[in-house]
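Structure first, commentary second.
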Amino acid sequence: MARPTSKTDLISASEANYKQMNELISSFTEKELSTPFQFGDEKKEAHWKRDKNIRDILIHLYEWHQLLLNWVSSNLNGEAAALLPQPYNWRTYGKMNEEFWKKHQNTALEEAKQMLEKSHKEVMALTETFTNEQLFSKGVYSWTNGNALGSYFVSNTSSHYDWAVKKLKAHRKNCKNIQKKSILS
């Protein structure tokens, strides 16, 4: 699916990818739900090593929703705020993601699902409050650094959910490969 460039496409893609992610999780066996991620060294991006289970993915999405919600709310209320909290920036946000991971090591999978469901609804409700022009015209809000506000919503919803689906599919594939190896042994 192409990256959304309108409010209608953003809402549609976000809901479709969110639904796909949840349906995939719901289809996992108990074994797949409880098996830790094992992506090996072939995957180079930091998130392949950071996230150890499904909960970690859901919490990552939740925490980025919180960043978006707080950033938009603060700026709309006249309080200048950056999307990434101090001391992080776009070169160091990987460390922030690690902090999110650490913060939620005692969060249960079911709790993570509920937290994400709530934050997804909040982000989608916030999306609805903007016009297409407010979301997808550049320069509408000074605090978006010349970017369209909608690009941040896309990154935190439809694109992020797509990232999660890819990661969950890779986990399922690994689980099947592990099962095959154990049968052949």
Helix-only CD estimate at 222 nm, as mean residue ellipticity for the chain, using -39500 (n - 2.57) per DSSP H run (n ≥ 4): -22000 deg cm²/dmol
Cα-only radius of gyration and Dmax that characterise the chain, units Å: 17.7, 63
Surface share of carbon and sulfur [accessible, 1.4 angstrom probe, percent] for the stretch 14-55: 53 percent
Listed pairs Lys102/Lys166; Lys7/Lys44; Lys138/Lys169; Lys52/Lys138 exceeding 31 Å between Cα atoms: Lys7/Lys44; Lys138/Lys169; Lys52/Lys138
Alpha carbon convex hull of the stretch 1-77, projected area averaged over orientations, nm²: 7.1 nm²
Accessible area (Å², per residue) of the stretch 94-185, counting only protein heavy atoms and a probe of 1.4 Å: 56 Å²
Accessible surface, per residue, of the stretch 1-93 when the full set of protein chains is kept, probe 1.4 Å, Å²: 57 Å²
Extreme residue, positive dipole direction of the stretch 1-120, given options Pro36, Asn17, Tyr88 (C-beta unit charges): Tyr88
With every protein chain in place, the stretch 96-174: carbon and sulfur % of accessible area (1.4 Å): 50 percent
Proximal aspartates and glutamates relative to Lys173, as straight alpha-carbon distance under 12 Å, when same-chain residues fewer than 8 apart are discounted: Glu32
Estimated inter-spin distance, Ser137 and Glu30, nm [label 7 Å along Cα→Cβ]: 5.6 nm
Euclidean distance between Cα centres, the stretch 1-59 to the stretch 106-185, Å: 7 Å
Neighbourhood net charge (14 Å Cβ-Cβ; Lys/Arg +1, Asp/Glu -1) for Phe28: +4
Exposed trypsin sites (Lys or Arg not before Pro) absent - longest run of the chain, DSSP non-H/G/I/E/B, at most 14 other C-beta within 10 Å: 139-185
HN-Hα J in Hz across the stretch 63-78 - Karplus 6.51, -1.76, 1.60, θ = phi - 60°, x for Gly and Pro: 5, 5, 4, 4, 4, 4, 4, 5, 5, 5, 4, 4, 5, 5, 8, x
Note, ³J(HN,Hα) from phi for the stretch 25-37, Karplus 6.51, -1.76, 1.60, rounded to Hz, x at Gly and Pro: 4, 5, 7, 5, 6, 4, 5, 5, 5, 9, 6, x, 5
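The values are calculated or read from the model by the stated rules, or taken from the named source; none is laboratory data. All figures in this text were calculated on a predicted structure; none of them were measured in a lab. When we count neighbours, we look across all protein chains shown, and the Cβ atoms used for this are built from the backbone with ideal geometry, even at glycine. The protein model used for the area step is the full one, side chains on, heavy atoms only, and it has no ligands, DNA or RNA in it. Shrake-Rupley method; radii C 1.70, N 1.55, O 1.52, S 1.80 Å.
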